[in-house]
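The values are calculated or read from the model by the stated rules, or taken from the named source; none is laboratory data. Since we're looking at a predicted model, the values are computed, not measured. Cβ: placed from backbone, ideal geometry, glycine included. Neighbour counts: every protein chain shown. Surface accessibility is based on the protein's heavy atoms, side chains included, excluding ligands, DNA and RNA. Shrake-Rupley method; radii C 1.70, N 1.55, O 1.52, S 1.80 Å.
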Amino acid sequence: QVQLVESGGGLVQPGGSLRLSCEASTSIWTIIAIGWYRQAPGKQRELVATFTSGGNIDYAYSVKGRFTLSRDNAKNTVYLQMDSLKPEDTAVYYCNLRLSGRAYWGQGTQVTVSS
């Protein structure tokens, strides 16, 4: 059983920044599909950013140029640097990884962008 622990959420003003962290209970050296999703109130969960094959990263169109996904395999941790935050980025952010055909989710961390 893989556990994912997210941290770094909070309240930030529009234009501000936050960095989310997701630490996995397993080694992520060989895991390709790992990234972040989010779910706003009354909306479906959506992809924010994820690593894909070949070391590429897919970003949602709405966050391109503002969010940066990175990973530290030695720490089994994935990061989401979020800059130029907007009120519409308000959501619960979930870490996700896929391993051996299964999808694992963290408990989520709340990000609120408001003045």
Where in segment 1-44 does the amide nitrogen come within less than 13 Å of the point 7 Å from the Cα of SER100, taken along Cα to Cβ? 1-3, 26-27
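Defining a contact as two alpha carbons under 8 Å apart and six or more residues distant in sequence, what relative contact order in percent does the chain show?
Details: 273 pairs, mean separation 42.6, N = 115.
Across the chain, relative contact order equals 37 percent.
Can you send over the carbon and sulfur percentage of the accessible area for segment 1-62, probe radius 1.4 Å, protein chains only? Intermediate results must be reported in sequence, preceding the final value.
Details: 1770 of 3670 Å².
Result for segment 1-62: 48 percent of the exposed heavy-atom area is carbon or sulfur.
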Accessible surface, segment 8-81, averaged per residue in Å² (probe 1.4 Å): 55
Name the residue, out of LEU99, LEU85, LEU69, whose mean-square fluctuation peaks in a Gaussian network model built on the chain with Cα pairs under 10 Å. LEU99
DSSP-loop chymotrypsin sites (Phe, Trp or Tyr not before Pro) across segment 1-100, with at most 14 other Cβ within 10 angstrom: TRP29
Tabulate in residue order the Karplus-calculated ³J(HN,Hα) for segment 49-57, using 6.51 cos²θ - 1.76 cosθ + 1.60 with θ = phi - 60°, rounded to whole Hz; enter x for Gly and Pro. 6, 8, 6, 10, 4, x, x, 7, 10
Short version: ³J(HN,Hα) in whole Hz for each residue of segment 12-24, in order, from phi by Karplus 6.51 cos²θ - 1.76 cosθ + 1.60 (θ = phi - 60°), x for Gly and Pro, what are they? 9, 7, x, x, x, 10, 9, 10, 8, 10, 9, 9, 9
Pop a pseudo-label 7 angstrom from the Cα along the beta-carbon direction at both THR30 and ALA60 and give the gap in nm to one decimal. 3.2
Trypsin sites (Lys or Arg not before Pro), restricted to segment 12-96: which are DSSP loop and have at most 16 other Cβ atoms within 10 Å? LYS43, ARG45, LYS64, ARG66
Report the local net charge at THR30: Lys and Arg +1, Asp and Glu -1, summed over other residues whose C-beta lies under 13 Å from its C-beta. +2
Other-chain or far-sequence residues with amide H under 5 Å of THR90's (modelled H): VAL113
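Using Cα pairs under 8 angstrom and six or more residues apart, how large is the relative contact order of segment 67-110, in percent?
Details: 42 pairs, mean separation 11.7, N = 44.
With pairs under 8 Å counted, the relative contact order is 27 percent.
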